[in-house]
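Colleague: The structure follows.
The values are calculated or read from the model by the stated rules, or taken from the named source; none is laboratory data. Bear in mind that the values here come from a model prediction, so they are computed numbers and not experimental data. Methodologically, a virtual Cβ is constructed for each residue, glycine included, from the backbone with ideal geometry; neighbour enumeration extends over all protein chains shown. Side chains included, ligands, DNA and RNA excluded: accessible areas come from the protein's heavy atoms. Shrake-Rupley method; radii C 1.70, N 1.55, O 1.52, S 1.80 Å.
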Amino acid sequence: MASMDVPADLPQSRAVARPTAPPTITWVTLALMTTASVASLRAAPTMAVYGLACVFLYLVPAVVFLLPTALVSAELASGWSGGVYRWVAEGLSKPLGFLAVWCQFAMTIFYYPSLLAFVASTIAFVIDPSLASNGVYTAIVIMVLYWTGVWVSSRGTKALAGLSSWGLIIGTLVPGTILVVLGMVFLGQGNPSAAPMDGSHLLPQWTGLASLVLIVNNFLSYSGMEMNAVHVSSLKDPAKEYPKSMFLAMGLVLLIFILPALAISWVVPADQLSLTAGVMQAFDAFFSYFGVGWMTPIAAIMLISASLGGMLTWLAGPSKGLLEISRSEGYLPPFLQKLNKFGIQQNILVTQGIVTSVIALGYALIPNVSSVYWIFSTITTQVYLIVYLLMFVAAMRLRKLKPDHPRGYRAPALGLICSVGLLSSLAAMLIGFVPPSQFGSNSVWSYILIVGGGLVILGLLIPWAFLKLRKPSWRTADATTHEGDAA
């Protein structure tokens, strides 16, 4: 759409110069970029509880969710710039486009507490391992680290955000490889695995509908594929190279998810595994066994630095997208659109920080830290699934309404792919209301109330209220231009 606004009297030299040297990347590079943005060790303990069955639990959502998301978002990105807001606005409506971009932002409100809870438990292994299960300690660390991140982001500091570019190496590939190698040597020396590794344990033990919740939790592990779809037009031959890139990325992501989870299950019994501190429990056990316990703090620092670097990048990203759309369309009140002297959306970050601090208190008030971690992860998944539901429907509508619109890449069997993605996302959302098997002794209705309340309030009621209260005076796009010029 931006290209349509170029004046007709633009000098010929400028008009021709723009497309002469388009930036290109190889399909392998795109696969690595996608792997870096999706893969993480943070979710490994959640699946390590189920031993060999984690292979199945990761593979199913990869086929029914990761692959459809990657292919559909590639077609949308190659035809319409502007991300998920533009896709949904063009295919459905602008209000639903706002809902999509809001949910993309809102999911981070619960994502940060769960991410920083992982950091808190990792720090605990350097100071005092018993702190990893202390809710008050976890809540304090979450609030201190989050507000520090807000302060850094509000000053427009880019250097620290660069830590995230090393996240795949520092916080994922190196410690993940160490974990797997140590695990293989551990087993190779004749030590028994803490989790059974025979064929009868390939599938998770069926305990009713609650067993399916495990698969749902992995949907969030694969989220973010639509972010990298924007690079599809940078490939030399998108139609052939993008599918190859996505299959390679999916293979790498599965290896990074599955192998460390298995390594953890080899050394830490399921009934002793913490969902937040499980990675460090495994490192501590392996390092102690091999007589190199002094390496535990080093592993902790690697994981912490990568997580904090990723947080700084995510902190300003989604909120900036929400800000830009709100200024042009008037979705948020002027107070939340205001920029500080560094050109950063400080009021949004501060408001988000207040809500995050309240959520963090959940760790102090609910005795079991792992339970809170799971609940927050589920709410995050539920809110983010709204984005994908809208995206799949919009993709089918755009293929029907605008079949001749130029697209750099066309997903094969789009209707089938969207249907699979849509149905799996709907199923994931419904199953997400069922407490997992380890919550059997707790109140089912309280779990449903917390998860459902988080989804309805954060994912539906708040954006509905903004749309309902919206006023023409909330459009401040001109102010954005002026402030940008002033800067």
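Colleague: For Leu96, tell me the accessible area in Å² from a 1.4 Å probe, rounded to the nearest 10.
Modeller: Accessible surface of Leu96 is approximately 60 Å².
Colleague: Further question on the same structure: Summarise the accessible area of region 65-139 (1.4 Å probe, protein heavy atoms) by the percent that is carbon and sulfur.
Modeller: So the carbon and sulfur contribution to the accessible surface is 65 percent.
Colleague: Using 31 Å as the Cα-Cα cut-off, could you pick out the over-long pairs in Lys240/Lys402; Lys236/Lys341; Lys341/Lys471?
Modeller: In this structure, Lys236/Lys341 exceed 31 Å between Cα atoms.
Colleague: Next question. Given 0.36 nm per residue, what is the gain on full extension from Val292 to Leu449 after removing their alpha carbon distance, in nm?
Modeller: 51.9 nm
Colleague: Tell me the per residue accessible area of region 78-144 using a 1.4 Å probe; a whole number in Å² is fine.
Modeller: Accessible area per residue: 29 Å².
Colleague: Looking at the P(r) of region 31-127, how many percent of alpha-carbon pairs lie beyond 16 Å?
Modeller: In whole percent, the share of Cα-Cα pairs in region 31-127 beyond 16 Å is 73.
Colleague: Work out, in µm²/s and without decimals, the Stokes-Einstein translational diffusion coefficient of region 336-375 at 20 °C, 1.002 mPa s, Rh from Kirkwood over C-alpha pairs.
Modeller: 182 µm²/s
Colleague: What order, most packed first, do the peptides 406-413, 186-193 have when packing is the mean number of other Cβ atoms within 10 Å of each residue?
Modeller: 406-413, 186-193
Colleague: What percentage of the solvent-accessible surface of region 296-427, computed with a 1.4 Å probe over protein heavy atoms, is contributed by carbon and sulfur atoms?
Modeller: The value for region 296-427 is 72 percent carbon and sulfur by accessible area.
Colleague: Could you go through region 381-386 in sequence order and give the Karplus-derived ³J(HN,Hα) for each residue, using 6.51 cos²θ - 1.76 cosθ + 1.60 with θ = phi - 60°, rounded to whole Hz, and x for Gly and Pro?
Modeller: Once θ is set to phi - 60°, the couplings for region 381-386 become 4, 4, 5, 5, 5, 4 Hz.
Colleague: Using the Kirkwood radius built from alpha carbon pairs, what does the Stokes-Einstein equation give as D for region 56-186 at 25 °C and 0.890 mPa s, in µm² per second?
Modeller: In µm²/s, the coefficient rounds to 132.
Colleague: A follow-up question, please. Ratio of region 77-150's C-alpha Rg to 2.2 N^0.38 Å, to two decimals?
Modeller: 1.63
Colleague: In whole Å and largest first, what semi-axes does the C-alpha gyration tensor of region 346-438 yield when each eigenvalue is scaled by 5 and square-rooted?
Modeller: 36, 19, 8
Colleague: Something else now. Quick one, can you get me the convex hull of the C-alpha atoms of region 61-107 expressed as volume per residue in Å³?
Modeller: Expressed per residue, the convex hull around the Cα atoms of region 61-107 is 74 Å³.
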